[in-house]
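A.B. asks: Have a look at the structure that comes next, please.
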Amino acid sequence: MRIGITCYPTYGGSGVVATELGLALADRGDEVHFISYALPMRLALPRPRVAFHEVVAPTYPLFVSPPYTLALATKMAEVAAHAKLDLLHVHYALPHAISAILAREMSRDIGDGRLRVVTTLHGTDITIVGQDRSYLPITRFGIEKSDAVTAVSRHLAEVTVRELGVRQPVEVIPNFVDTQLYRPDGASEYAKALCTEDEVAVVHVSNFRPVKRIEDVLATFDRIRRQVPARLLLVGDGPERSLAERLASELGIEDRTVFLGNVVAVETILPVGRIFLLPSNTESFGLAALEAMACGVPVIGTAAGGLPEVVVDGETGYLRPVGDVEGMAQAALDLIRDREKWQRFSRAARQRAVEQFPTEGIVARYRATYERTLGVRR
């Protein structure tokens, strides 16, 4: 099978999942072509059966900004023609599904005359509509004109149908984690040196956007470190990193806080954590939480969005209401102080990641969706 994949190449769950999916498909014998404005951050080339095609949006005096959506559609059509693609798998309805639909229309003379489009929703699609209803018609159009649509959680699928009123079936295929890569014994020597032996490592990984509530991360940690020796490891970067640095200074925890920035090999950092904090306003799925669980790190997060589909409250971590900083801190301390309970939660977190979100099983579900879309009979 020849597959084109488009995602945002920056740090974030959707790009990680799209890249890992493409690599897994290539490992299983498919030919995969990534199409984006930059190389996805987890895509290391050269690699067998994997190619990258850069999209360059031209500038023109009459354009307010470079027309990326049109440039992407053109590149998709070019790659489809040259590589004889069977389908385009795009991550996000806006703008990627729109570009793919345009490419499909331009590619009607390829193969059997119809390039298929599979769209995976990751959440920001719906968030955009929630913030600006003027995007609703084109988002709904992109979803309904796709040949198949998937969402990474039941919550996201339900919100999509309810808020957008789409008639197109939305199949739930959760994110996955490579449990051979993400494992409890995978910490690097560098990561182990970030804390002293008597300190508890509390980890947070995100793109530092408002939805992640970075102020709650710091406030929760501040309560934890007042009770036990602890250090906060912050992985990632984004618009609210400056806010985080300022809050750390105001709380007097600068010497307890380590800003690691964007880390490609996050699996080498996570295993040193005793607790993983994710106090977001909402999570469409919570890939960072799943990766932490695969490393045996219990998650303290919010009972919001799709996160309860990943974290089992009272078994692989604790979920509290959004903004309940005191509750999250107490939940974290409950695990930190009770080593036996922490070990039980750690084992359960790892087991859930292995059994419920394995790479092999989830990739097989995506491939089955491709085959149904293409009309392939087994």
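Readers should treat all values here as calculations from the given coordinates under stated rules, not as data from a laboratory. Values in this document were obtained by computation on a predicted structure and should not be read as measured data. Neighbour counts run over all protein chains shown; Cβ positions are idealised from the backbone, glycine included.
A.B. asks: Assigning unit charges at the beta carbon (Lys, Arg +1; Asp, Glu -1) and nothing else, what dipole magnitude in debye, to the nearest 20, does the chain show about its Cα centre? Walk me through the numbers before you get to the answer.
C.D. replies: Numbers: 43 positive and 46 negative charges, 166 e Å.
It works out to roughly 800 debye.
A.B. asks: Also, I was wondering about something else. Obtain the radius of gyration and the Kirkwood radius of segment 25-174 from its C-alpha atoms and give Rg over Rh.
C.D. replies: Details: Rg = 15.8 Å, Rh = 16.3 Å.
So for segment 25-174, dividing Rg by the Kirkwood Rh gives 0.97.
A.B. asks: Just add up the charged neighbours of Asp338: K/R +1, D/E -1, any other residue whose Cβ is under 15 Å from the Cβ of Asp338.
C.D. replies: On the way: positive: Arg274, Arg337, Arg339, Lys341, Arg344, Arg347; negative: Glu315, Asp334, Glu340.
Surrounding charge for Asp338 is +3.
A.B. asks: Does segment 189-356 come out rounded, prolate or oblate by the C-alpha gyration tensor, with a ≥ b ≥ c the root eigenvalues, rounded set by a/c under 1.5 and, if not, prolate when a/b is larger than b/c and oblate if not?
C.D. replies: On the way: a/c = 1.31, a/b = 1.18, b/c = 1.11.
Rounded is the answer for segment 189-356, as its axis ratio a/c remains below 1.5.
A.B. asks: Rg (Å, one decimal) plus Dmax (Å, integer) for the alpha carbons of the chain?
C.D. replies: 21.3, 67
A.B. asks: Further question: Compute the acute angle (0 to 90°) between the alpha-carbon long axis of helix 325-337 and the principal axis of greatest extent of the alpha-carbon atoms of the chain; round to the nearest 10°.
C.D. replies: Once rounded, one gets 70 degrees.
A.B. asks: Another question about this same structure. Taking the Cα centroid of segment 216-236 and of segment 318-365, what is the distance between the two, rounded to the nearest whole Å?
C.D. replies: Between the Cα centre of segment 216-236 and that of segment 318-365, the gap is 17 Å.
A.B. asks: What is the angle, in °, between the Cα long axis of helix 339-356 and the longest principal axis of the Cα atoms in the chain? Nearest 10 is fine, range 0 to 90.
C.D. replies: 10 degrees
A.B. asks: Can you grab the distance from the C-alpha centre of segment 130-183 to the C-alpha centre of segment 290-307, Å, no decimals?
C.D. replies: 21 Å
A.B. asks: Quick check for me: using +1 on Lys/Arg Cβ and -1 on Asp/Glu Cβ, what's the dipole size of segment 189-356 about its Cα centre, in debye to the nearest 20? Present the calculation step by step, with values, prior to reporting the outcome.
C.D. replies: Numbers: 20 positive and 25 negative charges, 40 e Å.
Roughly 200 debye, rounded to the nearest 20.
A.B. asks: Rounded if a/c is under 1.5, else prolate if a/b is larger than b/c, else oblate: which is segment 165-279, with a ≥ b ≥ c the root eigenvalues of its Cα gyration tensor? Walk me through the numbers before you get to the answer.
C.D. replies: Numbers: a/c = 2.21, a/b = 1.34, b/c = 1.65.
Oblate is the answer for segment 165-279, as a/c is 1.5 or above yet b/c matches or exceeds a/b.
A.B. asks: Now, a different point. What is the chain's relative contact order, in percent, from Cα pairs under 8 angstrom and six or more apart in sequence? Kindly include the intermediate steps, with their values, before the conclusion.
C.D. replies: On the way: 737 pairs, mean separation 51.1, N = 378.
Computed over the chain, the figure is 14 percent.
A.B. asks: Moving to a separate point now. Using a basic spin-label model with each label point 7 Å from the Cα along Cα→Cβ, how many nm lie between Arg365 and Glu105?
C.D. replies: Simple spin-label model gives 3.3 nm for this pair.
A.B. asks: If you don't mind, another one. If the reach is capped at under 26 angstrom between alpha carbons, list the lysines near Lys75, excluding any in the same chain fewer than eight residues apart.
C.D. replies: Lys84, Lys145
A.B. asks: Sticking with this one: Expressed as an acute angle from 0 to 90° and rounded to the nearest 10, what is the orientation of the C-alpha long axis of helix 241-251 relative to the principal long axis of the chain?
C.D. replies: Approximately 10 degrees, to the nearest ten.
A.B. asks: Mind pulling the per residue volume of the convex hull built on the Cα atoms of segment 1-113? Å³ is fine. Don't skip to the answer; put the middle values down first.
C.D. replies: Values: hull volume 11.5 nm³, N = 113.
Normalising the Cα hull of segment 1-113 by residue number yields 102 Å³.
A.B. asks: Check each of the trypsin sites (Lys or Arg not before Pro) in segment 140-225 and keep only those in coil by DSSP with at most 15 other C-beta atoms within 10 angstrom; list them in order.
C.D. replies: Filter output for segment 140-225: Arg167.
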